[in-house]
Amino acid sequence: MSPLPGASRATLATLLLGVAACTHAPSAAPEDRAPDCERLAALAVPGATLTQATRVPAQGPVPEYCRVRGELPPSLHFEVRLPTGWNGRTVYNGGGGYDGVIFPADENLARGYASVASDGGHTGTPAQGAFALESGPLEDFASLSVHRVLPVARALIRAHYGQDATKTWFEGCSNGGREGLIAAQRWPEDFDGLIIHAPAHDFVSLMLAFNQHAQRLALPGALPSRAQLAHLGQAMLAACDAKDGLADGIVSHPGCAFDPGVLQCQGPERDTCLTPAQVASARALAAPVVLDGQVLYPGWPVGDAEDPGGWAAWRLEPGDFERSAGHVLSRELIRYFITRDPGFDPLRFQPGAWRERIAEVTAQVSALDPDLSRFRARGGKLILRHGSADGIISPRGTDAYYEAVVRAAGGQAQADTFVEYFPAPGVHHCGGTPGPGPNQVDWLSALETWVERGVPPSRTPLLAHTPDATGAPVLSRPVCKYPRYPRYSGSGNPNLAEHFTCVAP
C-alpha cells in the first residue's frame, strides 16, 4: 500500500540470470501498422467510449506503439498500449493504494508485450478514498475494474493486430496484487497467469491494523524519534542478520525473535534507548491485531537497519504524524468505506462498534478466498512474491494466505502444480525504495516458462540481483521457494548467488 505512485506498483525486472528471455517475431513493420492506430478511436466497443488513439514514436528503450485511451461508465478509465513489434502476448498492469491513476508499464512494451492498465474506477490519487461513497466507483475498485476493462483491451488487440493474444498475464503489487488475486478468485478465466507482489489481499484488515497502530502511536511519547528508530533497526539487525550464515545487512532467516524491551532506557531518554511507551509501541506493531478474540491482521516481522519492520509506514517525526502513510490510508477507509462520514475522527474509531459494516466491506473488497480450484482447473499459474523487509504490508499475511491456498488445494503436491511463493529477503514494499536485498527478477519470463513449457519457477532456477549503472549485477542471491531461505556457504564471494543455498529454516 505504498503512498507514493512510484512505489505503489512492482518494479518490473529487466534481466533474469539463468532463464533466457522469451523472444517473439514482431507482428508487423512500423510502416504497416502506423496508419491503423488512429482508426482505433472510431472502433465500436460495447459499453466503452474510446477517447484517443495516438501513435507514439520510439524513444530510448521504449519502441513505437499505439496508445489508446478510453472509459467505461460511470468513471472507469483505461489505457491500452500496442507495440508495433508485438510478441503476441498481453500484460495487464495493476494499480496501487486506492488507485485513481493509471500506471502503464513501458518496460513491458520494450519487450514487445501489449500493455493494459486502468485507474480502478475513479480519478484521484492513491491516497484518496472519497470515491467509495458512490456505489459504481466502489464496485469497480472492489472487484470489477480489471474484469470490465479486459474485454475492451482484447477487442482493441484483435482490431489492431488481426488476432487475439496467445496469452494474457497480470502483474501487480500492493493493491495491484489484491486486484490480481480478485481475478484468480472471482474471474478465473480472465488470465493465463498472474505475478502477485506484496498483495494487499486482506485490504480491510490491513487498514484497520494501520488505524489501531495510529491510535497507539498518537499517544503522548509513544512514537520514537528518527534516531531512536535507527537504533532500533540496528539492534534488530545485530540480533538477526547473521542467522543466515552471513552478516551482510540482509535478514534472510525467517522467524528471528527480537524483543524491543532490551532497548528500554534505564535512565533518561536518549537516542540509543526507548522509553517504556516506545517499547510498548514497538511490541504492538510486532504483535497481531486482534478483534473479538480473532486475529484481524498479523504483526510485522523483523526488518533491517534502515526499515525496522512495520515502522516504514510511520517514519516521520511526531510533528508530521497526521501525514504518515498508515494514518492517511486507514483514515480514508474508515471515513468513506465504513462509517461513510467524511468528518469522522479515525483516532476515535472502535472496530467493535462497526462489526457488521466491516464484514460487508471485507466481503466486497478483500481477496481472502484460498480456493483457487477454478483457476487451477483452467491451467492458470500464480507466482507470489513478498519482500521480507516490507514495512507497509506484512509478509506474514502473504505467508498465511499461501499456506491457506496449499490446504485448500489438498496439500503441497497439488498446490505446486499451479502456485509458488518466493519471499524476498531485504526487499522493501514493491521494490519502490532501495532495500539491502536484491529485487530484480524477470518474473514474466519465469511465468511464461511455467505456463508454456511446464517448468515451474522453482526449477529454473531463478536469481535475484541488484544492478549497477550499466545494468550488470553487483549483488545476487538465489530466489528460494517458501519456506526456504538463502544461506551462505561460509566461503566464496558473498555478493554472488553461487555461494548460497536454499535451505529450510
| request: Name, by its number, the condition in (1) modelled with pLDDT under 90; (2) in a helix (DSSP H, G or I); (3) open to solvent by 10 Å² or more (accessible area, probe 1.4 Å) that does not hold for A280. | output: (1)
| query | What residue, of G70, G100, is part of a loop (DSSP other than H, G, I, E, B) and at pLDDT 95 or above? | reply | G100
| said: Given the criteria touching a Lys or Arg at 6+ places or on another chain (Cβ under 7 Å), modelled with pLDDT of 95 or more and either under 22 Å from L72 (Cα atoms) or surrounded by fewer than 24 Cβ atoms within 10 Å (Cβ to Cβ) (or both), does L138 qualify? | reply: no
| task | Among the residues of segment 402-444, count how many are within 22 Å of F375 (Cβ to Cβ) and either open to solvent by less than 10 Å² (accessible area, probe 1.4 Å) or of a type in the set (A, V, I, L, M, F, W, C) (or both). | result | 15
| task | Kindly indicate the residue of segment 228-275 that is open to solvent by 30 Å² or more (accessible area, probe 1.4 Å), more than 29 Å from the chain's Cα centre (by Cα) and touching a residue at least 12 places away in the same chain (Cβ under 8 Å) and also nearest to R484 (Cα to Cα) among those meeting that condition. | result | V262
| request: Report, by residue number, each residue of segment 178-192 that is of a type outside the set (S, T, N, Q) and closer than 23 Å to I393 by Cα. | output: R178, E179, G180, L181, I182, A183, A184, R186
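Listed here are the residues, each with its yes/no results for (1) more than 30 Å from P494 (Cα to Cα); (2) touching a helix residue (DSSP H, G or I) at 6+ places or on another chain (Cβ under 8 Å).
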residue: A367; (1), (2): yes, yes
residue: D371; (1), (2): yes, yes
residue: D390; (1), (2): no, yes
residue: E448; (1), (2): yes, no
| Is it the case that segment 441-461 has a residue that's assigned to a strand (DSSP E or B) and either in contact (Cβ under 8 Å) with a residue 12 or more places away in the chain or more than 20 Å from the chain's Cα centre (by Cα) (or both)? | no
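Residues checked against (1) of a type outside the set (V, I, T); (2) within 18 Å of N175 (Cα to Cα); (3) open to solvent by less than 20 Å² (accessible area, probe 1.4 Å); (4) within 25 Å of the chain's Cα centre (by Cα):
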| site | (1), (2), (3), (4) |
| --- | --- |
| L50 | yes, no, no, no |
| A53 | yes, no, yes, no |
| P57 | yes, no, no, no |
| E64 | yes, no, no, no |
| H77 | yes, yes, no, yes |
| G100 | yes, yes, yes, yes |
| E107 | yes, no, no, yes |
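The values are calculated or read from the model by the stated rules, or taken from the named source; none is laboratory data. Keep in mind that what you see is a predicted model, and the values were worked out from it rather than measured. Here Cβ is always computed from backbone atoms with ideal geometry, including for glycine, and neighbour counts include all displayed protein chains. What goes into the accessible areas is simple: the full protein's heavy atoms, side chains included, and nothing from ligands, DNA or RNA. Shrake-Rupley method; radii C 1.70, N 1.55, O 1.52, S 1.80 Å.
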